1. Under 22 Å from the Cα of residue 65, which lysines turn up, not counting those fewer than eight places away in the same chain?
2. Treating only the Cβ atoms of Lys and Arg (+1) and Asp and Glu (-1) as charged, compute the dipole magnitude of the range 1-120 about its Cα centre; round to the nearest 20 debye.
3. Counting DSSP beta bridges in the chain, what percent are antiparallel, to the nearest 5?
4. Would you mind calculating the relative contact order of the range 60-157 from Cα pairs under 8 angstrom and at least 6 residues apart, reporting the percent as a whole number?
5. Would you list, by chain and number, the lysines whose Cα falls below 24 Å from the Cα of residue 142, excluding same-chain residues fewer than 8 positions away?
6. Taking only protein heavy atoms into account and a 1.4 Å probe, give the accessible area per residue of the range 21-83 in Å².
7. What residues from the range 146-181 fall in the zone where the backbone N is under 18 Å from a label point 7 Å along the Cα-to-C-beta line of residue 8?
8. Rounded to a whole number, what % of the accessible area of the chain do carbon and sulfur atoms account for, probe 1.4 Å?
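The values are calculated or read from the model by the stated rules, or taken from the named source; none is laboratory data. Not measured: the values here are computed from a predicted model. All Cβ positions, glycine included, derive from the backbone under ideal geometry; neighbour counts span all protein chains shown. Side chains are part of the model used for accessible areas, which takes the heavy atoms of the whole protein and leaves out ligands, DNA and RNA. Shrake-Rupley method; radii C 1.70, N 1.55, O 1.52, S 1.80 Å.
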Amino acid sequence: MYHPDLIRHPDSCPALVLNADYTPLSYYPLSLWPWQTAIKAMFLDRVNIVENYEREVHSASLTMKIPSVIALKQYVRPSEYPAFTRFNLFLRDHFTCQYCGRPEDLTFDHVVPRRLGGKTTWQNVATACAPCNLKKGGRTPKQANMRLTVPPHRPTTWQLQQHGKQFPPNYLHDSWRDWLYWDVELEE
């Protein structure tokens, strides 16, 4: 019987990585491992195979299906607060300018400019499009007569995961769907 997985190149067969409680390690970016890493972890007895692709790989003495969903055997406790990175900042702000709402040409803005003593922290940096950032310049939003949609704040890892659920990836293998919960309407 023909199955689309059978013609997939192995490099197009990543494994969805679940924590020991069978929840994804991350939604955005989606926690995926290359097939080689998933198989190595299986042989090191660090993961349980939950689902497989129909695609097989072969060695001289072994044939096995490539794992499509794996679960860690030991629970990885997520840190309470995420690292302050450009990506996490954009995710916190839903990939939109916090002044005009545009989703293009994004950069970040120091609400209190550095020249006025502003620090590069969660509480002082907001996502801004380049035109708004240029318009605001080295002034505070009040001085520039610009209003932030949401004041900057330090998000929790849980909040970023919730935001990430609003951005499902372009590709979801059928075997992943039971393990991922996106903000989409469920069929009745």
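1. 40, 73
2. In debye, rounded to 20, the range 1-120 gives about 480.
3. 85
4. 29
5. Excluding near neighbours in sequence, the set is 119.
6. 62
7. Only 169-181 pass the distance filter.
8. About 53 percent, which is the carbon plus sulfur part of the accessible surface.
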